[in-house]
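See below for the structure under consideration.
Where a number appears in this text, it was derived from the coordinates with a stated rule and is not lab data. Predicted model only: the values in this text are computed from it and were never measured. For neighbour counting, all protein chains shown are included, and Cβ atoms are generated from backbone atoms with ideal geometry for every residue, glycine included.
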Amino acid sequence: MDITTQSIDGGFAEPVFNAQVVFRAIMDAIARPGTVQNLPQLARPPAPLSATAGAVALALCDNDTPVWLDPRLQAEASVKAWVGFHTGAPLANTPADAHFALIANPKEMAALDGFAQGTQEYPDRSTTLILLVDDLASGPSLLLEGPGIEKTSMIAPPGMPRHFVEQWKQNNQRFPRGVDIILAAPGSLACLPRTTRIKTMEA
Amino acid sequence: MNAQSTDIATYNFAYLDEQTKRMIRRAILKGIAIPGYQVPFASREMPMPYGWGTGGVQVTASIIGPDDVLKVIDQGADDTTNAVSIRAFFKKVAKVDVTTETARATIIQTRHRIPEQPLTASQVLVFQVPIPEPLRFLEPRETETRKMHALEEYGLMHVKLYEDIAKHGRIATTYAYPVKVEGRYVMDPSPTPKFDNPKMHRSPALQLFGAGREKRIYAVPPFTDVVSLDFEDHPFEVQTFDQPCALCGAENVYLDEVILDDHGGHMFVCSDTDHCEKRQADGQHGHLAPETHSASGKMEPVE
Ligand SMILES: [Zn+2]
């Protein structure tokens, strides 16, 4: 399949209703950090962009939201073309310019503080990171607490960024500034908003 | 998708265009991530005047899906003009199921009350907000209030409340009583009676706030601390009523005074009409309950 076909195919079959379903899953996930929200396969982007991450991009991104692609995604012309064609979002020149960042290789990703953090007066002007993960259960356990969590919740995404727990603690300390994370797994997603604290982490 | 939902799509499901919904959805997610912080958004013209809950309507329109069940209340009642119009609007533009029953609703849009029945984790409460800025009456300039929030400079707010105490012997504010969210942002809980403030504290339901004219969206995630501002020597207290609801006998609920005649006759009844009707249907009666009331006599609001 050539790049043109790949970039035109694979969008939402029912744009209005699919976007609503994906948004509600994200809203529920960010309102209840650590909960796993199931999502049917609604988008078929070219690899290595995943169906879930692609659906999140389709639901939230448009020409008002510069998107940053990590090097693994940038290397695929078909991914760039697909995101551009289906969302209209311009590519951000640097992580700090991005409203959204799609990260196919979280392990090697740039430091969290390299993305837009928002300002003290406009903390909403920050990057939302969409991390592609293999699942939400096979990695080191993250015990979570904070708004949206009654007592504690648990999530265990594999292949997270290096020194993630330490980086996340610093992200917490920047509140109300800071980044928010959407973890996009096959068939499901979960969120870590900037308010979520990671209590402990198993080895 | 079935044929019916395809029909809806052809005339703009939930009224707003998709780009507007995306913009509002992004604002909602930021609001949830920064509890109590007012996220600016580009409010759209709605087919109803400001003051009719255009902010709440835009939030509801951006989150609602075909499977949702919507309840709309105005001052606790499902059958006022404002509530009826908004419910009819969504029935028309989103073809969603509507209800007056708090327990059945997945989305509850409200002006000035929180239902008496405790909300659940599967519900979203959407508030219509006229003035989202709790510091506005202290400082009219947006640039200044934004700075005060940025610096967590809330001393003036405490001074104002303390002036109340000096003047009235208590904090006189009974509506839109300011709260602090998760120990950080001072937030206007919308013009709900302060009676409802404790219901916001660690509620299992997600709470979203939309101010149309002022173009702000903010949020309180579930299980989030919402504390009414007060002083050690003058702790926050909710309104209390010295009599139960005249119709259903409920205590510890918010009551409205209803004038019965022009000779000063009046009674106090539940402001939450669904709660009151449910209790009467369950056989609970206040001292002025109509004797003929039957369990099946629940009035449906006119759409
Ligand atoms: Zn009653």
Residues of segment A:63-92 with amide N under 19 Å of the 7 Å Cα→Cβ point at A:T5: A:77-83, A:85-86
Could you list A:I130, B:I32 so that the one with the fewest beta carbons within 10 Å of its beta carbon is first and the one with the most is last? A:I130, B:I32
When chain A is treated as a Gaussian network with springs between alpha carbons less than 10 Å apart, the largest mean-square fluctuation among A:A25, A:A81, A:A51 is found at A:A81
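Fewest Cβ neighbours within 10 Å first, please rank A:E14, B:E257 accordingly. Walk me through the numbers before you get to the answer.
Values: A:E14 15, B:E257 10.
Starting with the residue having the fewest Cβ neighbours, the order is B:E257, A:E14.
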If only Cα atoms are counted, what is the Rg of the protein assembly as shown, and what is its Dmax, in Å? 23.9, 84
Given points 7 Å out from each Cα along the Cα-Cβ axis, report the B:D282 to A:Q74 separation in nanometres with one decimal. 6.1
In chain B, taking the dipole from +1 charges on Lys and Arg beta carbons and -1 charges on Asp and Glu beta carbons about the Cα centre, the listed residue (B:Q117, B:T273, B:Y218) farthest towards the positive end is B:Y218
The local net charge around B:E116, scoring Lys/Arg +1 and Asp/Glu -1 for residues other than B:E116 whose Cβ lies under 14 Å from its Cβ, equals -4
Could you tell me the distance between the Cα centroids of segment B:207-260 and segment B:156-178, to the nearest Å? 16
How much mean residue ellipticity at 222 nm does chain B get from its helices, if each DSSP H run of length 4 or more adds -39500 (n - 2.57) and you divide by all residues, to the nearest 500 deg cm²/dmol? -8000 deg cm²/dmol
Quick check for me: using +1 on Lys/Arg Cβ and -1 on Asp/Glu Cβ, what's the dipole size of segment A:1-94 about its Cα centre, in debye to the nearest 20? 220
Structure shown: which of B:K21/B:K199; B:K30/B:K91; A:K199/B:K30; A:K107/A:K169; A:K169/A:K199; B:K160/B:K180 lie over 19 Å apart, alpha-carbon to alpha-carbon? B:K21/B:K199; B:K30/B:K91; A:K199/B:K30
So, relative contact order of segment A:93-203 in percent, Cα under 8 Å, 6 or more apart, is 29
If neighbour count is taken as other Cβ atoms inside 10 Å, put A:M160, B:M187 in order from fewest to most. A:M160, B:M187
